[in-house]
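Below you'll find the structure, written out as C-alpha coordinates, and then a few comments.
The values are calculated or read from the model by the stated rules, or taken from the named source; none is laboratory data. Just so we're clear, the structure is a prediction, and the values are computed from it rather than from any experiment. Methodologically, a virtual Cβ is constructed for each residue, glycine included, from the backbone with ideal geometry; neighbour enumeration extends over all protein chains shown. With ligands, DNA and RNA removed, areas are computed over all heavy atoms of the protein, side chains included. Shrake-Rupley method; radii C 1.70, N 1.55, O 1.52, S 1.80 Å.
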Amino acid sequence: MHTEQTFAIIKPDAVAAGNSGKIITMIEDSGFTIAALKKVHLTRDQAAGFYAVHSERPFFNDLLNFMTSGPAVLMILEKEGAIRAWRDLMGPTNSNEAPKGTVRGEFGTNIEKNASHGSDAPETAAFETAYFFSCFERV
Ligand code: GDP
(Lines give C-alpha, C1' and ligand atoms only; values in the text may rest on other atoms or scores of the structure.)
Protein backbone atom coordinates (compact mmCIF):
# COMPACT_ATOMS: atom_id res chain seq x y z
CA MET A 1 0.00 0.00 0.00
CA HIS A 2 1.21 3.52 -0.75
CA THR A 3 -0.15 7.04 -0.45
CA GLU A 4 -2.52 7.49 -3.35
CA GLN A 5 -4.89 10.16 -4.63
CA THR A 6 -8.42 9.63 -5.85
CA PHE A 7 -11.10 11.89 -7.27
CA ALA A 8 -14.39 12.34 -5.39
CA ILE A 9 -17.65 14.16 -6.06
CA ILE A 10 -20.39 15.00 -3.59
CA LYS A 11 -23.16 14.89 -6.18
CA PRO A 12 -25.93 17.51 -6.58
CA ASP A 13 -28.53 15.47 -4.64
CA ALA A 14 -26.38 15.40 -1.51
CA VAL A 15 -25.31 19.04 -1.85
CA ALA A 16 -28.95 20.17 -2.30
CA ALA A 17 -30.01 18.15 0.76
CA GLY A 18 -27.41 19.94 2.89
CA ASN A 19 -25.30 16.83 3.42
CA SER A 20 -21.89 18.01 2.11
CA GLY A 21 -20.57 18.81 5.57
CA LYS A 22 -21.61 15.43 6.97
CA ILE A 23 -19.96 13.62 4.05
CA ILE A 24 -16.74 15.65 4.43
CA THR A 25 -16.74 14.73 8.15
CA MET A 26 -17.06 11.03 7.22
CA ILE A 27 -14.15 11.46 4.80
CA GLU A 28 -11.90 13.14 7.38
CA ASP A 29 -12.93 10.73 10.16
CA SER A 30 -11.85 7.90 7.84
CA GLY A 31 -8.33 9.30 7.65
CA PHE A 32 -8.32 10.94 4.23
CA THR A 33 -6.52 14.21 3.60
CA ILE A 34 -8.40 16.59 1.31
CA ALA A 35 -5.75 17.68 -1.21
CA ALA A 36 -8.13 19.89 -3.23
CA LEU A 37 -11.76 20.99 -2.98
CA LYS A 38 -14.14 23.23 -4.91
CA LYS A 39 -17.88 23.69 -5.40
CA VAL A 40 -18.94 23.78 -9.06
CA HIS A 41 -22.21 23.77 -11.01
CA LEU A 42 -21.18 21.53 -13.91
CA THR A 43 -22.08 22.44 -17.46
CA ARG A 44 -23.57 19.76 -19.69
CA ASP A 45 -20.34 19.60 -21.72
CA GLN A 46 -18.23 19.18 -18.59
CA ALA A 47 -20.49 16.38 -17.33
CA ALA A 48 -20.57 14.68 -20.76
CA GLY A 49 -16.76 14.75 -21.01
CA PHE A 50 -16.39 13.39 -17.51
CA TYR A 51 -18.84 10.52 -18.14
CA ALA A 52 -17.81 9.94 -21.78
CA VAL A 53 -17.30 6.19 -21.08
CA HIS A 54 -21.06 5.98 -20.42
CA SER A 55 -22.15 7.87 -23.56
CA GLU A 56 -23.74 4.79 -25.16
CA ARG A 57 -25.63 3.78 -22.01
CA PRO A 58 -29.43 4.23 -21.95
CA PHE A 59 -29.18 6.29 -18.73
CA PHE A 60 -26.60 8.76 -20.11
CA ASN A 61 -29.07 11.61 -20.71
CA ASP A 62 -30.65 11.16 -17.27
CA LEU A 63 -27.18 11.10 -15.72
CA LEU A 64 -26.27 14.40 -17.38
CA ASN A 65 -29.56 15.97 -16.25
CA PHE A 66 -28.82 14.84 -12.69
CA MET A 67 -25.18 15.93 -12.61
CA THR A 68 -26.07 19.39 -13.94
CA SER A 69 -29.14 19.83 -11.70
CA GLY A 70 -27.23 21.88 -9.11
CA PRO A 71 -23.80 22.48 -7.59
CA ALA A 72 -21.50 19.59 -6.73
CA VAL A 73 -18.44 19.46 -4.49
CA LEU A 74 -15.30 18.17 -6.23
CA MET A 75 -12.36 16.84 -4.23
CA ILE A 76 -9.03 15.10 -4.47
CA LEU A 77 -8.66 12.70 -1.53
CA GLU A 78 -5.37 11.30 -0.33
CA LYS A 79 -4.61 8.27 1.82
CA GLU A 80 -2.88 4.90 1.63
CA GLY A 81 -4.94 2.90 -0.84
CA ALA A 82 -7.28 5.89 -1.32
CA ILE A 83 -9.03 4.58 -4.46
CA ARG A 84 -10.28 1.36 -2.81
CA ALA A 85 -10.84 3.06 0.56
CA TRP A 86 -13.10 5.77 -0.90
CA ARG A 87 -15.07 3.23 -2.99
CA ASP A 88 -15.58 1.19 0.20
CA LEU A 89 -16.69 4.25 2.19
CA MET A 90 -19.17 5.20 -0.60
CA GLY A 91 -20.71 1.74 -0.86
CA PRO A 92 -22.17 0.13 -4.02
CA THR A 93 -23.57 2.17 -6.93
CA ASN A 94 -27.19 1.41 -6.05
CA SER A 95 -27.97 3.32 -2.84
CA ASN A 96 -30.76 0.85 -2.08
CA GLU A 97 -28.12 -1.88 -1.75
CA ALA A 98 -25.61 0.26 0.18
CA PRO A 99 -25.13 -0.61 3.86
CA LYS A 100 -25.73 1.82 6.70
CA GLY A 101 -22.56 3.71 7.51
CA THR A 102 -21.61 4.16 3.86
CA VAL A 103 -22.09 7.50 2.08
CA ARG A 104 -24.57 6.04 -0.40
CA GLY A 105 -26.34 4.05 2.32
CA GLU A 106 -26.79 7.16 4.45
CA PHE A 107 -27.35 9.87 1.84
CA GLY A 108 -28.22 8.27 -1.52
CA THR A 109 -31.74 7.61 -2.85
CA ASN A 110 -31.46 5.08 -5.70
CA ILE A 111 -29.10 3.81 -8.44
CA GLU A 112 -28.80 7.28 -10.01
CA LYS A 113 -29.09 9.71 -7.11
CA ASN A 114 -26.34 8.09 -5.08
CA ALA A 115 -24.73 11.10 -3.39
CA SER A 116 -21.14 10.50 -4.46
CA HIS A 117 -18.62 9.53 -7.10
CA GLY A 118 -15.22 7.91 -6.74
CA SER A 119 -12.57 6.86 -9.25
CA ASP A 120 -12.42 3.10 -9.82
CA ALA A 121 -8.75 2.63 -10.82
CA PRO A 122 -5.40 4.50 -10.88
CA GLU A 123 -5.86 5.43 -14.57
CA THR A 124 -9.32 6.91 -14.01
CA ALA A 125 -8.13 8.71 -10.86
CA ALA A 126 -5.33 10.35 -12.89
CA PHE A 127 -7.74 11.35 -15.69
CA GLU A 128 -10.48 12.61 -13.37
CA THR A 129 -8.25 14.67 -11.04
CA ALA A 130 -6.58 16.34 -14.04
CA TYR A 131 -9.98 16.86 -15.73
CA PHE A 132 -11.19 19.14 -12.93
CA PHE A 133 -8.10 20.46 -11.10
CA SER A 134 -5.03 22.26 -12.43
CA CYS A 135 -1.64 21.72 -10.79
CA PHE A 136 -2.06 25.09 -9.04
CA GLU A 137 -5.22 23.93 -7.25
CA ARG A 138 -3.74 20.84 -5.58
CA VAL A 139 -1.67 20.68 -2.39
P1 GDP B 1 -20.07 4.18 -10.01
O2 GDP B 1 -18.65 3.97 -10.46
O3 GDP B 1 -20.42 3.39 -8.77
O4 GDP B 1 -20.43 5.65 -9.86
O5 GDP B 1 -21.05 3.58 -11.13
P6 GDP B 1 -21.02 3.65 -12.76
O7 GDP B 1 -19.68 4.13 -13.25
O8 GDP B 1 -21.50 2.33 -13.25
O9 GDP B 1 -22.16 4.73 -13.12
C10 GDP B 1 -21.90 6.11 -13.06
C11 GDP B 1 -23.10 6.80 -12.46
O12 GDP B 1 -24.21 6.67 -13.36
C13 GDP B 1 -23.61 6.19 -11.15
O14 GDP B 1 -22.89 6.63 -10.01
C15 GDP B 1 -25.06 6.64 -11.13
O16 GDP B 1 -25.19 8.01 -10.70
C17 GDP B 1 -25.43 6.55 -12.62
N18 GDP B 1 -26.03 5.24 -12.95
C19 GDP B 1 -25.43 4.02 -12.95
N20 GDP B 1 -26.27 3.05 -13.34
C21 GDP B 1 -27.45 3.68 -13.61
C22 GDP B 1 -28.72 3.21 -14.08
O23 GDP B 1 -28.94 2.01 -14.33
N24 GDP B 1 -29.71 4.17 -14.24
C25 GDP B 1 -29.49 5.49 -13.98
N26 GDP B 1 -30.51 6.36 -14.15
N27 GDP B 1 -28.30 5.96 -13.55
C28 GDP B 1 -27.28 5.07 -13.36
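Quick notes on this structure:
- Note on the stretch 119-131: among residues that are among the hydroxyl-bearing types (Ser, Thr, Tyr) and outside any loop (DSSP other than H, G, I, E, B), the one that is most open to solvent (accessible area, probe 1.4 Å) is 131.
- Single match in 84, 44 (criterion: open to solvent by 80 Å² or more (accessible area, probe 1.4 Å), among the charged types (D, E, K, R) and in contact (Cβ under 8 Å) with a residue 24 or more places away in the chain): 44
- Among the residues examined, residue 11 does not qualify as of a type in the set (Lys, Arg) and either more than 15 Å from the chain's Cα centre (by Cα) or open to solvent by 20 Å² or more (accessible area, probe 1.4 Å) (or both).
- Against the numbered list (1) more than 13 Å from the ligand (Cβ to nearest atom); (2) outside any strand (DSSP E or B), residue 96 comes up short only at (1).
- Listed conditions (1) under 16 Å from residue 108 (Cα atoms); (2) touching a strand residue (DSSP E or B) at 6+ places or on another chain (Cβ under 9 Å) are all met by residue 92, apart from (2).
- Residue in the stretch 63-72 that is surrounded by the fewest Cβ atoms within 10 Å (Cβ to Cβ), counting only those that are assigned to a helix (DSSP H, G or I) and more than 9 Å from the ligand (Cβ to nearest atom): 65
This table checks each residue for (1) within 14 Å of the ligand (Cβ to nearest atom); (2) not in a helix (DSSP H, G or I).
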site: 45; (1), (2): no, no
site: 57; (1), (2): yes, yes
site: 61; (1), (2): yes, no
site: 74; (1), (2): no, yes
site: 77; (1), (2): no, yes
site: 86; (1), (2): yes, no
site: 89; (1), (2): yes, no
site: 117; (1), (2): yes, yes
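- Contact map, the stretch 63-80: first residue closer than 19 Å to residue 17 by Cα and in contact (Cβ under 8 Å) with a residue 24 or more places away in the chain, second residue within 12 Å of the ligand (Cβ to nearest atom) and open to solvent by 50 Å² or more (accessible area, probe 1.4 Å), Cβ cut-off under 8 Å, separation 6 or more or different chains; pairs are 63/57; 66/113.
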